[in-house]
1. Sticking with the crude label model, points 7 Å out along Cα→Cβ, report the distance from D271 to A55 in nm, one decimal please.
2. Have a look at segment 1-105 and give its Rg and Dmax from the Cα atoms, expressed in angstrom.
3. Carbon and sulfur: what percent of segment 44-155's accessible surface (1.4 Å probe)?
4. Cross-link list K146/K369; K119/K207; K20/K262; K146/K176; K86/K369; K86/K176: which exceed 22 angstrom alpha carbon to alpha carbon?
5. Provide the FRET efficiency to the nearest 0.05 for the V189-L132 pair, computing r from the beta carbons and using R0 = 22 Å.
6. Roughly how many percent of the accessible protein surface of segment 226-266 is carbon and sulfur, given a 1.4 Å probe and a whole-percent answer?
7. For a quick protection proxy, order the peptides 236-248, 312-324 by their average other-Cβ count within 10 Å, most packed first.
8. Tell me, what is the per residue accessible area of the chain in Å², probe radius 1.4 Å?
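The values are calculated or read from the model by the stated rules, or taken from the named source; none is laboratory data. Not measured: the values here are computed from a predicted model. With ideal geometry, Cβ positions are generated from the backbone for all residues, glycine too; neighbour counts draw on all protein chains shown. The area values use the complete protein model at the heavy-atom level, side chains included, leaving out ligands, DNA and RNA. Shrake-Rupley method; radii C 1.70, N 1.55, O 1.52, S 1.80 Å.
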Amino acid sequence: ARGKGISLFSGAAISADYIKAQAQAGRMGSVLYAVVVKTPQGLTFRPPEPVEIEALTTVEQALAEQRGAWERNSIIPTEDIPIGDKTGEPLVRGIRKWADMFSPRQLLCFGVLVEELKKLRLEIVKQEGEELGEAVGHLLACVIDKFTNYNSVLCSWHAPHAIMRSVFDRHDFSFKPTYAEMAPCGAGVGLDWGIDSVIDAYEQLCKLPRAPDAKPVAISAGSAASLLDLADGSITAVVVDPQYDDNVQYAELADFFYVWLKRTQGHRHPDWFFSSLCDATEEAVVNLSRYRSGSKSGKRDGSAAAARLQARAFYQAKMADIFAECRRVLRDDGVLTVMFTHKKQEAWEALFNSLIQAGFQITATWPVKTESEHSLHQAQKNAAQSTVLLVAR
């Protein structure tokens, strides 16, 4: 509780500082203590059998044999986790590389999957042609990313619902004292479930309504503050769903997936994966870690207070630049729609100031309930259940 422990052998207290020091030294391991089994009568729980304990040791040896070659051939992540508002959570307990977010068994599994996908992609493209073959490879890459979200030391077991929780049930990298993982092989579970889930999502996207005279959509990646390919007054409507102040640190969280996608899809768009990690320097978000000096805590001391002011000033200026670019490309009768959600007054104030500074007037607002009341993210201080759509002209 609160970082402190109690010895199961003597009952003596274990200080939080001691536990933290052991974790940062890389000595916070894990022990398999329960196996969930699906039966016709429902789920049952049993202690691990000796052969399962032995298998974990075998896995560690297998990973040690493969790891050097996999790292040299860019099969598994070697990137360091940077200091950030949310990445501080794993860093403080000794998880310093993105690969450290996986147990040896999990990392061996993903190394095999990435290696096999690289081989399989060539066969698929040869058989199905470039366009269809790469599309199939793209979906399989999404399957691997989907599976990483449910096979990490940051996953947990949802006891009331008897299901797995993903890494991002709360949009952070919070420590899990007990973690759960999926068996990769089995009918209806693991990879089988991941493939079905990704294909179902793709099929649902294909069913979205489409106008008879619709034209292909052009997708580009770049800064919203510099829309160089769009002429002045050429756009009828701009719809943006910007970062909500300090609510979610998207770039920091996205790196969890980025390091794997770079290895499975980087060949298709090297320009999208040119950087080691997501480029977070120009992200329009309030991130204190980029401005805090001398204080590694989140306490509101002098340095944190100054960092907060700087971070919010950067966010407001960046949003103003983005809205100014929106104003440039919009027709005189064009409409800007902004989706925004936050519980803090200063977050709304920063957004309104950015809109006004860019030359917009808010002409309508529409609150829409978009979030599940059962979401763990709703328990966090900045989350709200409704998204407000602001209409500006």
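1. 4.6
2. Cα only, segment 1-105: 17.6, 48 Å (Rg, Dmax).
3. On the way: 3260 of 5760 Å².
The computed percentage sits at 57.
4. Working: K146/K369 26 Å; K119/K207 32 Å; K20/K262 32 Å; K146/K176 19 Å; K86/K369 27 Å; K86/K176 15 Å.
In this structure, K146/K369; K119/K207; K20/K262; K86/K369 exceed 22 Å between Cα atoms.
5. Numbers: r = 28 Å, r/R0 = 1.28.
It comes out at approximately 0.20.
6. Working: 1050 of 1700 Å².
Heavy-atom surface of segment 226-266 belonging to carbon and sulfur, 1.4 Å probe: 61 percent.
7. On the way: 236-248: 17.3, 312-324: 19.8.
Going by the mean number of other Cβ atoms within 10 Å, highest first, we get 312-324, 236-248.
8. 59
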